[in-house]
Amino acid sequence: MNSPASSYMLFTTGGLRYAVNVDYLGEISEMLPEYPIPQAPRFLRGVVNIHGKLAAVFDLSMYVGTGPVKKGCNLLLLKMPETLLAIVVEQMERMISGDEILSFEPGATTIQLADGTAELLDVELLVDSMEKSFVL
């Protein structure tokens, strides 16, 4: 069995369960006041001020088509070069290690855990896809 060596943060949003590599995890925050971005795509809810820096608030469930998050309780701030992105999260679950993954195939988008499955969130692919969706 092939399994990733990294650790992941499990979270739920829009009724779906996701796993994000902790290498991309900046911090977890409670919800903050959002300021809208005029003419932004619907999946960008606005921006928040986190430690004096603006981060785009991203509604992942709206982006994948399961509808807007209505009861978000946390923001998952991703750390990437030149990009501050905060994902609206309904529930933070827990950290998992690669050893807890029962089934993983290279290039797969889903992992199997003892308590169910989770969608692997490819942060770089997600940001690239978001950037292409902007109409200039």
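Laboratory data are not the source of any read-out in this text; all were calculated from the coordinates shown. All of these numbers come straight from a predicted model, not from anything done at the bench.
The table that follows gives values for the structure above.
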{"quantity": "Region 1-79: radius of gyration over Cα atoms, expressed as a fraction of 2.2 N^0.38 Å", "calculated": "1.19"}
{"quantity": "Amide hydrogen neighbours beyond the local backbone of E93, cut-off 5 Å, H modeled", "calculated": "L10, F11, T12"}
{"quantity": "Vicinal HN-Hα couplings computed from phi for region 83-92 (Karplus, 6.51 cos²θ - 1.76 cosθ + 1.60; Hz; Gly/Pro x)", "calculated": "9, 10, 10, 10, 8, 6, 10, 7, 8, 7"}
{"quantity": "Crossing angle, helix 123-133 versus the chain [Cα axis fit, 0-90 degrees, rounded to tens]", "calculated": "40"}
{"quantity": "Principal axes of region 8-133: Cα extent on each, largest first, Å", "calculated": "43, 29, 27"}
{"quantity": "Calculated [θ] (222 nm, deg cm²/dmol) that DSSP helices of n ≥ 4 give over the chain, each run adding -39,500 (n - 2.57)", "calculated": "-3000 deg cm²/dmol"}
{"quantity": "Taking the chain and dividing mean pair separation by its residue count, relative contact order in percent (alpha carbons under 8 Å, at least six apart)", "calculated": "30"}
